[in-house]
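Since the structure comes first, as structure tokens, the remarks are kept for the end.
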Amino acid sequence: MLLRFCRISSLLVVVVLGWPLTGGAEMATALPQVNEFISAVATRDGFAVSDLRATFDQVVLRPEIIDTITRPAEAKPWFEYRTIFVTPTRIAGGIAFWHEYQDALSLAEKRYGVDPSVIVAILGVETRYGAKTGSYRVIDALTTLAFQFPKRSAFFREQLEAYLVLTRSEGINPLLPKGSYAGAMGLPQFMPTSFRDFAVDLNEDGHRDIWNDPWDAIGSVANYLHQHGWQPRGPVAVQAAFMPTVDPGVLLGSTDQAPDMPLSRLRSHGLEPAEPIVGNPAATLLRLDGPTAPEYWIGFQNFYAITRYNHSPLYAMAVTQLAGEIATGIKYGKQ
């Protein structure tokens, strides 16, 4: 069961008593760069330096995170990656989640135009519908990556600063929230800047709570996709059918999965969507690694919107296929 975060005023004892350290753990304030960051953030965002230092005195660097972030699941071939996420357990869990939160999903669809099955599938892929939201303190993960992962230090310093601002604005002790090894938070695994820009208070209780409130998590995912160009009732992705004499490789789309050609162009080269598609929407051709041969898929604007959540086409395809299985289960009344 997820724990509701208490407000700062009731959590001072945690700051006073500190956080237990594991053997050999290094405190963040041992790094000069962290103290420079504290001074800069205090100036930019109106924090007291003493308050930030008191917080970072409790922050522990986690070197194992560096190893984990360099071995992402997206490095696997598609046919292996798919088996992680499109499973009977996640399908059944998605159907159950839909039944439990159908009112929230209906409201989110009405407000943002996003297919409920895709919202549910994203929550299923990200956290198994809230069951696995991460075991690292967010501030530990973000600080470790901000100062010990040079390849993306600028990105994670931005996220760390945004995290400090959002916990202040939401009345959350920054030492308490837990998340992924990358600092992603809550049911939808939002990074702090995504929370800042896209999290919503769907149930209108005065807080944007993506950690404990599935309503807010549902609305936030829907708003994220809406803001990234989701087209209501539009296609997402369908498999491409073509004659053996056709070489689909010459039509492969851009590396960022943006739909960069009209569907009619693919058709003029002998490729057809395996399912009926209305009109002539912008499309892109994708190649994924099947168990014995490549698979070719036609992605549309909604597929591209999902890749803005996670830029991997494998991720977007897993969400697409899980959403399809969940929608089929709802349609045929599976529990």
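The values are calculated or read from the model by the stated rules, or taken from the named source; none is laboratory data. Computed from a predicted structure; not experimentally measured. No Cβ is skipped: glycine too gets one built from the backbone with ideal geometry, and neighbour counts run over all protein chains shown.
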Some residue of region 97-108 being in a helix (DSSP H, G or I), touching a helix residue (DSSP H, G or I) at 6+ places or on another chain (Cβ under 9 Å), among the polar types (S, T, N, Q) and modelled with pLDDT of 85 or more: yes
Flag if Gln301 is modelled with pLDDT under 95 and within 25 Å of Ile119 (Cβ to Cβ): no
Unique match (being more than 30 Å from Phe47 (Cβ to Cβ) and in contact with a His (Cβ under 8 Å, 6 or more places away or on another chain)) among Asp247, Asp256, Asp201, Asp260: Asp256
Residue pairs meeting the criteria (Cβ under 6 Å; at least 6 apart or on separate chains; first on the phi < 0 side of the Ramachandran plot and assigned to a helix (DSSP H, G or I), in region 26-54; second loosely packed, with under 14 Cβ neighbours inside 10 Å and not aliphatic (A, V, I, L, M)): Thr29/Asp57
Some residue of region 150-158 being modelled with pLDDT of 95 or more, crowded, with 19+ Cβ neighbours inside 10 Å and within 16 Å of the chain's Cα centre (by Cα): yes
Residue tally, condition surrounded by fewer than 24 Cβ atoms within 10 Å (Cβ to Cβ) and either farther than 25 Å from Gln102 by Cβ or at pLDDT 95 or above (or both), over region 321-335: 7
Residue satisfying all of: in region 58-74; among the hydrophobic types (A, V, I, L, M, F, W, C) and under 17 Å from the mean Cα position of the chain (by Cα); farthest from Ala30 (Cα to Cα) among these: Ala73
Tally, over region 195-252, of residues that are of a type in the set (Ser, Thr, Tyr) and either in contact (Cβ under 8 Å) with a residue 40 or more places away in the chain or touching a helix residue (DSSP H, G or I) at 6+ places or on another chain (Cβ under 7 Å) (or both): 2
Some residue of region 82-93 being aromatic (Phe, Trp, Tyr), modelled with pLDDT of 95 or more, more than 20 Å from the chain's Cα centre (by Cα) and surrounded by 13 or more Cβ atoms within 10 Å (Cβ to Cβ): no
Residue within region 194-201 that is in contact with an Asp or Glu (Cβ under 7 Å, 6 or more places away or on another chain), under 29 Å from Gln159 (Cβ atoms) and assigned to a helix (DSSP H, G or I) present: no
Cβ pairs under 8 Å, 6+ apart, first in region 259-273 and farther than 23 Å from Arg308 by Cβ, second modelled with pLDDT of 95 or more and of a type in the set (Val, Ile, Thr): Leu271/Ile298
Among residues of region 299-313, those that are surrounded by fewer than 24 Cβ atoms within 10 Å (Cβ to Cβ) and either in contact with a Leu (Cβ under 9 Å, 6 or more places away or on another chain) or not in a loop (DSSP other than H, G, I, E, B) (or both), counted: 6
Region 249-272: number of residues that are more than 17 Å from His228 (Cβ to Cβ) and either assigned to a helix (DSSP H, G or I) or in contact with a strand residue (DSSP E or B) (Cβ under 7 Å, 6 or more places away or on another chain) (or both): 16
Matching residues, region 156-199, being among the aromatic types (Phe, Trp, Tyr) and farther than 15 Å from Ala141 by Cβ: Phe198
